[in-house]
Amino acid sequence: TGQPASMPDWGPDMNRIVYAKSTSVGPVAGLADALSIKDGSIVLAENTGGTWGPGPTLVAADHDNNYYPAFSPDGRWVVFMKSPTNMDSDVSMGVTDANLWVVPVDLSAAPIHLAQASGAGDSWPKWNPSEYDESGHTIFWLAWSSQRAYGLRYGTGSVVQLWMTAFDPSRAAAGMEPAYPAFRLPFQNIGTGNHIPQWVTTVHRETCSTDVDCGGEFCVDGRCYQQPPL
C-alpha cells in the first residue's frame, strides 16, 4: 500500500479489500500487532488477473479520521466511521464525535452521512450479510456500537450498547437520506459495554446429552439452547 494499513474488510466477490490507510499510526495499548490511526483514508486494494494492487481512494483524509470500513452485501457500498476532529481510533469508544458514513464503491456520489442513524460515539459498523426485499426494493441492515443516550435509562457516554438501522441503497443513489432512525437491540445488559456486533446466517447449536454438556445453557432435544424447556 505504500503506507501503513489497518482494519481490512473483504468484498463479497473476494477480489477487493477495503481498509484504512494513514501515515499517522501507532500501537494500540495492550495489542502489539494492532495499529491505531489518525488522518485515515478509506482505500481499496484489488485483485486483477491474480495480482493484487492498489485501487482507488474512496475517502481521502481532510483533517479528519476515516476508519473501520466494511463492504455492503452487494459490494456496492462501504460504511465507515468518520471523526471530524481527527480523534485517534485507538480510543475507539472514546471517539465521541464519530458517526456513520457510507460511500459508493464506484465513486458515483460523494460520501453520505447517515444522519438519522448516527448518535454520540458510534463505532464498529457491521452489515447483515443478507439482502432484504422491502416493498419491491432492496434494503440492508446495519448494526454498530454507540455511546448515545437510551431514553431515561442512561445518558450519553455512560455505557456502550449495540444499535441497528435499515439502509436503503435506492434512496442513497437518489441523493436522499438512506438510513432510518436507529433502535437499540433488545436483551442487552445495560451494566456492561457491548462493542462489536457480529451477524450470522445460520445458528449452529452444540449437541448434548444433559445440561452439563451445554456449559450454562440447557439441553433440549439433544441441542443446547439459552432458554430452558417450557
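The values are calculated or read from the model by the stated rules, or taken from the named source; none is laboratory data. From a predicted model like this one, the values you see are computed outputs, not experimental measurements. As a convention, Cβ positions derive from the backbone with ideal geometry for all residues, glycine included, and neighbour counts pool all protein chains shown. What goes into the accessible areas is simple: the full protein's heavy atoms, side chains included, and nothing from ligands, DNA or RNA. Shrake-Rupley method; radii C 1.70, N 1.55, O 1.52, S 1.80 Å.
Assorted remarks:
- The strands (runs of 3 or more DSSP E) located wholly in region 25-64 that include 3 or more residues which are open to solvent by less than 60 Å² (accessible area, probe 1.4 Å), modelled with pLDDT of 90 or more and within 15 Å of Lys82 (Cα to Cα) occupy 41-48.
- When restricted to residues that are assigned to a loop (DSSP other than H, G, I, E, B), buried (at least 19 other Cβ atoms within 10 Å of the Cβ) and of a type in the set (Val, Ile, Thr), region 73-105 contains 2.
- Scanning region 211-227 for residues that are assigned to a loop (DSSP other than H, G, I, E, B), more than 15 Å from Leu114 (Cβ to Cβ) and touching a residue at least 40 places away in the same chain (Cβ under 8 Å) turns up nothing.
- Under the condition of being open to solvent by 10 Å² or more (accessible area, probe 1.4 Å), under 13 Å from Ala166 (Cβ atoms) and among the aliphatic types (A, V, I, L, M), the residues counted in region 135-152 number 1.
- In region 159-172, the condition of being in a helix (DSSP H, G or I), modelled with pLDDT of 90 or more and of a type in the set (A, V, I, L, M) is met by at least one residue.
- Boolean, Gln161 is open to solvent by less than 30 Å² (accessible area, probe 1.4 Å), within 17 Å of Tyr67 (Cβ to Cβ) and either touching a residue at least 40 places away in the same chain (Cβ under 8 Å) or under 16 Å from the mean Cα position of the chain (by Cα) (or both): no
- Only residues that are open to solvent by 20 Å² or more (accessible area, probe 1.4 Å) and either assigned to a strand (DSSP E or B) or farther than 15 Å from Asp64 by Cα (or both) were counted in region 106-126, giving 14.
- Evaluation of Tyr67 against (1) among the aromatic types (Phe, Trp, Tyr); (2) open to solvent by less than 20 Å² (accessible area, probe 1.4 Å); (3) in contact with a Pro (Cβ under 9 Å, 6 or more places away or on another chain) (one fails), failing number: (3)
- The C-beta contact set for region 95-117 (first residue closer than 15 Å to Gly75 by Cα, second residue of a type outside the set (Val, Ile, Thr) and open to solvent by 70 Å² or more (accessible area, probe 1.4 Å), distance under 7 angstrom, 6+ apart or interchain) comprises Pro104/Arg76; Val105/Arg76.
- Between Pro186, Pro197, Pro129, Pro181, the distinction of being assigned to a loop (DSSP other than H, G, I, E, B) and surrounded by 17 or more Cβ atoms within 10 Å (Cβ to Cβ) belongs to Pro197 only.
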